[in-house]
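Any read-out appearing in this document is the output of simple, stated calculations on the displayed coordinates, not a laboratory observation. Predicted model, so just to flag it, every value in this text is computed and none were measured. Every residue, glycine among them, receives a Cβ derived from its backbone with ideal geometry; neighbour counts consider all protein chains shown.
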Amino acid sequence: MKTIRFLLPALAILILAGSSFSQKVQKATLTVCENTDDRVYPVNPKTTIKVGEPVVYMIDFGDKKYREGKDENPDQFFIAWEVYRIGDDGKDEKNITELQQRSETLYKRYAIEEFQRFTEPGRYRVYALPWELRDVNFKSGNYKDYFGKAEIEVVE
């Protein structure tokens, strides 16, 4: 009986902590595009590209600047940009790349600085997520908590 009295509150705390953590991730729109302009708006958004065609990824938090917890001006934070090949079952199948972006300022929009190229045709999913939520060891993808995600079809 004492074990149950201890386990029930502990279980409730774990469930509440997990649900409040997942609600912490602010949602944004992720766009795959040819480039971004000087104000970090997408230039020529893409849903289909050719093998080797350069693209960049950008996220837009809309009217609200990105906020991490209660921090109004964090010293720095990191965005993970992860790309997965999509399998026939529609799930993330293989990790293609992981990029890290560091920022010391809160903005409404962020974009990677370097161009990305896909070397093989197929369907791919791009995620932007808080660095600490990325899958460090297993690289399985299929994220539930992320800023935004987009899919891209790569053709010959």
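Got a sec? Which of Phe138, Phe147 is free of Cβ contacts under 8 Å to residues at least 40 places away in the same chain and among the hydrophobic types (A, V, I, L, M, F, W, C)?
Values: Phe147 fails: free of Cβ contacts under 8 Å to residues at least 40 places away in the same chain.
None of the others qualify; the one that does is Phe138.
Go through Gly62, Gly141, Gly90, Gly122 for me and flag whichever is under 18 Å from Thr31 (Cβ atoms) and either in contact with a Cys (Cβ under 6 Å, 6 or more places away or on another chain) or of a type outside the set (A, V, I, L, M, F, W, C) (or both). So that I can check it myself, show each step before the final result.
Details: Gly141 fails: under 18 Å from Thr31 (Cβ atoms); Gly90 fails: under 18 Å from Thr31 (Cβ atoms); Gly122 fails: under 18 Å from Thr31 (Cβ atoms).
Going through Gly62, Gly141, Gly90, Gly122 in turn, the sole match is Gly62.
Of all residues in segment 119-153, which are farther than 23 Å from Tyr41 by Cβ, of a type outside the set (D, E, K, R) and in contact with a strand residue (DSSP E or B) (Cβ under 6 Å, 6 or more places away or on another chain)?
Once the filter is applied, which keeps residues that are farther than 23 Å from Tyr41 by Cβ, of a type outside the set (D, E, K, R) and in contact with a strand residue (DSSP E or B) (Cβ under 6 Å, 6 or more places away or on another chain), segment 119-153 yields Pro121, Gly122, Trp131, Gly141, Asn142, Tyr143.
Out of Lys94, Lys64, which single residue is more than 14 Å from the chain's Cα centre (by Cα), free of Cβ contacts under 8 Å to residues at least 60 places away in the same chain and closer than 21 Å to Tyr41 by Cβ? Full working, then the answer.
On the way: Lys94 fails: closer than 21 Å to Tyr41 by Cβ.
That would be Lys64, the only listed residue that is more than 14 Å from the chain's Cα centre (by Cα), free of Cβ contacts under 8 Å to residues at least 60 places away in the same chain and closer than 21 Å to Tyr41 by Cβ.
Considering segment 113-156 alone, what residues qualify as being surrounded by 12 or more Cβ atoms within 10 Å (Cβ to Cβ), more than 9 Å from the chain's Cα centre (by Cα) and among the basic types (Lys, Arg)?
Arg117, Arg123, Arg125, Lys139 - these are the residues of segment 113-156 that are surrounded by 12 or more Cβ atoms within 10 Å (Cβ to Cβ), more than 9 Å from the chain's Cα centre (by Cα) and among the basic types (Lys, Arg).
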